[in-house]
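Asker: Shown below is the structure under consideration.
The values are calculated or read from the model by the stated rules, or taken from the named source; none is laboratory data. Since the structure is predicted, the reported quantities are computational estimates derived from the model, not experimental observations. Positions of Cβ are generated from backbone atoms using ideal geometry, with glycine treated the same way; all protein chains shown enter the neighbour counts. Please note that ligands, DNA and RNA were not included when accessible areas were found on the heavy atoms of the full protein model with its side chains. Shrake-Rupley method; radii C 1.70, N 1.55, O 1.52, S 1.80 Å.
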Amino acid sequence: MEQSSRTRTAATVRYLAPDVARGMALLGIILANVPSAWLPHYGVEHAEHFGGYTGEPTLAEELLIIFQAMFVHVRGLPMFSTLLGVGIGMIAVSLHKRGYTPKAARRLMIRRYGWLLALGAVHMALLFGGDIMVTYGCLGIIVAFLLTRSDKVLWWIAGTCFAIMAVGTATPVITMGPGEDFLMEKAGTLPIDAPTTFSELADNLMVVLISVAATPFFALLLLPPVLMGFMWGRAGVLGNVAHYRRMLTRWVLVAAAVILLIGLPWGLSAIGVLPEAWEPSLHSANVVIGLLTGPGIVAAVALALEPVQRSVAAGAATPWWLRPFVALGKRSMSGYVGQSLIMVPILLTVPASTLLALSIPQQMWLGVLVWGLTLVAACLLELAGQPGPFERLHRRLSYGKQGLKPQISSTGTSELSRADASTNANPSIPTSEATMWEPGAAGENAWARGVSPA
């Protein structure tokens, strides 16, 4: 009885790792977006992806270029993709416990991620052409159709997508890159996506349609980390780190290998220590192989926070130094859109010549400042006990005014109590290892049991 009580108490504790990792990922995203999306330096001599420099870089610029190559570019994106999958998996478990059938859960999740796509489309059309929520909405809908697939099937899908992209990256192709005329035309300008005329709005809406049409490409690229996170989420990996320690450690080692073998050489080639001709190839390799760092960095966060998570599960308060990250992670959509709400006024009011004159360290400080403002806003909302505005809107659109409710079976009783009872009957079995959505009269495939997604 005491063990069962402890299990139920632990089940009510919020996992720290996903929220902290989301807060960290938002910092990585803005640090990557400032030099590559918000303040792109067209036609610079060197290190275009890192903020650009002409002539000889300073020592600070060299160190920060290497830092960006190792820890910034294609690090926050795969982290967020992995965490998207974790969230989908945890939502799926929650829906099962509430008595949802696979068909009902799939329908609700398509609605949820359809609205995410819609909100991303508004963000893309009005503020930021590099929005990722449109793609994540499309990926969420894809995963909704894979809810009942086993880990083995999901591994095959993820591996096939990754292999296709890896082969495509390794195969020499003729690319239609920006020519000299394009660079000369864009030199000294900044891309401001906020429309001021109906014509500009129409152009932005066309970009949204192109992004949706490009879903097959983005699925090949980002579906592997999303599916990995989905398997982790429904298996309860981040809530049972001790059980999955070996698997998580392997992912940390994979991430470390990519950072050292791809990221470090890329940075060194960008500053001329290694041949500069290697930089384009290493950049392409980082775009694909760098996605493997997503699960690895999330795993590292989970392992590092395991002692804190145990303490919080035992009743201790979340340490003060983690609370800002948790607050922002719980409001990651608002934090992400908030970056645009801060950057667009800056681009509209500060002369382009001034912004383009910022050095690489100054550009990174700008990114930290933007992230810090969203961190402060999240902390204020946390103190007020309020969700992020976009989280509130998304939840209302997805679930309606009443929110999620337990489904009622044909016998007139709630399936939620029966699901909880069957799960707690043997507290040594994690929730995710209970059989989920077994084949029924409709011929639905069973959810995978809690097989370790190692």
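Asker: Checking the conditions here, which among Gln339, Gln363 is open to solvent by less than 20 Å² (accessible area, probe 1.4 Å), within 30 Å of Leu117 (Cβ to Cβ) and not β-branched (Val, Ile, Thr)?
Answerer: Gln339
Asker: Looking at (1) more than 23 Å from Trp232 (Cα to Cα); (2) surrounded by fewer than 23 Cβ atoms within 10 Å (Cβ to Cβ); (3) modelled with pLDDT of 95 or more, which is the only condition Ala357 fails?
Answerer: Failing condition for Ala357: (3).
Asker: For segment 387-405, name all the residues that are free of Cβ contacts under 8 Å to residues at least 40 places away in the same chain and among the charged types (D, E, K, R).
Answerer: The answer is Arg392, Arg395, Arg396, Lys401.
Asker: Can you pull out every residue in segment 387-405 that is open to solvent by 60 Å² or more (accessible area, probe 1.4 Å), out of contact with any helix residue (DSSP H, G or I) (no Cβ under 7 Å at 6 or more places or on another chain) and not in a loop (DSSP other than H, G, I, E, B)?
Answerer: Arg392, Leu393, Arg395, Arg396
Asker: Here's a follow-up. Taking Leu117 as meeting all but one of (1) farther than 25 Å from Arg106 by Cα; (2) touching a Cys at 6+ places or on another chain (Cβ under 8 Å), write down the number of the exception.
Answerer: (1)
Asker: Considering only segment 80-101, state which residues are open to solvent by 10 Å² or more (accessible area, probe 1.4 Å) and touching a Gly at 6+ places or on another chain (Cβ under 9 Å). Can you show your working first?
Answerer: Applying the first criterion (open to solvent by 10 Å² or more (accessible area, probe 1.4 Å)) to segment 80-101 yields 80, 84, 87, 90-91, 93-94, 96-101.
Hits for segment 80-101 are Phe80, Leu84, Gly87, Met90, Ile91, Val93, Thr101.
Asker: What about Ala299, is it within 25 Å of Met231 (Cβ to Cβ), among the small types (Gly, Ala, Ser), open to solvent by 40 Å² or more (accessible area, probe 1.4 Å) and not in a loop (DSSP other than H, G, I, E, B)?
Answerer: Working: within 25 Å of Met231 (Cβ to Cβ): yes; among the small types (Gly, Ala, Ser): yes; open to solvent by 40 Å² or more (accessible area, probe 1.4 Å): no; not in a loop (DSSP other than H, G, I, E, B): yes.
Here the answer is no, as Ala299 does not meet what is asked.
Asker: Moving on. Take the residues of segment 342-354 that are of a type in the set (A, V, I, L, M) and loosely packed, with under 13 Cβ neighbours inside 10 Å: which is nearest to the chain's Cα centre (by Cα)?
Answerer: As a first pass, look at segment 342-354 and keep what is of a type in the set (A, V, I, L, M): 342-344, 346-348, 350, 352.
Filter once more, keeping what is loosely packed, with under 13 Cβ neighbours inside 10 Å: 348, 350.
On the way: Leu348: 28, Val350: 30 Å.
It comes out as Leu348.
Asker: Going residue by residue through segment 366-386, is there one that turns out to be modelled with pLDDT under 90, in a loop (DSSP other than H, G, I, E, B) and farther than 30 Å from Trp38 by Cα?
Answerer: First, pick out the residues of segment 366-386 that are modelled with pLDDT under 90: none.
No, every residue in segment 366-386 fails to be modelled with pLDDT under 90, in a loop (DSSP other than H, G, I, E, B) and farther than 30 Å from Trp38 by Cα.
Asker: For segment 49-57, does any single residue satisfy the condition of being of a type in the set (Asp, Glu), crowded, with 19+ Cβ neighbours inside 10 Å and modelled with pLDDT under 95?
Answerer: Checked against the condition, which is being of a type in the set (Asp, Glu), crowded, with 19+ Cβ neighbours inside 10 Å and modelled with pLDDT under 95, segment 49-57 yields no hits at all.
Asker: Does Val207 count as at pLDDT 75 or above, within 19 Å of Leu77 (Cβ to Cβ) and assigned to a helix (DSSP H, G or I)?
Answerer: For Val207, the condition - at pLDDT 75 or above, within 19 Å of Leu77 (Cβ to Cβ) and assigned to a helix (DSSP H, G or I) - is met.
Asker: Contact list please: Cβ distance under 7 Å, first residue in segment 74-89 and in a loop (DSSP other than H, G, I, E, B), second residue open to solvent by 20 Å² or more (accessible area, probe 1.4 Å), pairs at least six apart or on different chains.
Answerer: Val74/Val287; Arg75/Ile297
Asker: How about segment 273-298: which of its residues are closer than 14 Å to Ser81 by Cβ and either touching a Ser or Thr at 6+ places or on another chain (Cβ under 6 Å) or among the small types (Gly, Ala, Ser) (or both)? Give the derivation first.
Answerer: Step one: of segment 273-298, the residues closer than 14 Å to Ser81 by Cβ are 287-288, 290-298.
Passing the criteria: Val288, Gly290, Gly294, Pro295, Gly296, Val298.
Asker: Mind listing whichever residues of segment 225-258 are outside any loop (DSSP other than H, G, I, E, B), of a type outside the set (A, V, I, L, M, F, W, C), closer than 18 Å to Asp151 by Cβ and open to solvent by 20 Å² or more (accessible area, probe 1.4 Å)? Before you say what the answer is, go through the steps one by one.
Answerer: Of segment 225-258, the ones outside any loop (DSSP other than H, G, I, E, B) are 225-235, 237-239, 245-258.
Restricting the remaining residues to those that are of a type outside the set (A, V, I, L, M, F, W, C) gives 225, 229, 233-234, 239, 245-246, 249-250.
Pick out the ones that are also closer than 18 Å to Asp151 by Cβ and you get 225, 229, 233-234, 239, 246, 250.
Scanning segment 225-258 gives Gly239, Arg246, Arg250.
Asker: Could you check Leu127 against (1) touching a Ser or Thr at 6+ places or on another chain (Cβ under 9 Å); (2) touching a residue at least 60 places away in the same chain (Cβ under 8 Å); (3) buried (at least 21 other Cβ atoms within 10 Å of the Cβ) and say which number it fails?
Answerer: Every condition holds for Leu127 apart from (3).
Asker: Quick one: in segment 260-287, which of the residues that are over 23 Å from the mean Cα position of the chain (by Cα) and small (Gly, Ala, Ser) is surrounded by the fewest Cβ atoms within 10 Å (Cβ to Cβ)?
Answerer: Across segment 260-287, the extreme among qualifying residues is Ala277.
Here is a yes/no grid of residues against (1) closer than 30 Å to Tyr244 by Cα; (2) modelled with pLDDT of 95 or more:
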residue	(1), (2)
Gly272	no, no
Gly294	yes, yes
Ala316	yes, no
Arg323	yes, yes
Met333	yes, yes
Gln339	no, yes
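Every residue, every condition in (1) at pLDDT 90 or above; (2) closer than 30 Å to Trp38 by Cβ, yes or no:
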residue	(1), (2)
Gly114	yes, yes
Leu117	yes, yes
Ala125	no, yes
Gly129	no, yes
Thr135	yes, yes
Ile141	yes, yes
Phe145	yes, no
Lys152	yes, no
Leu183	no, yes
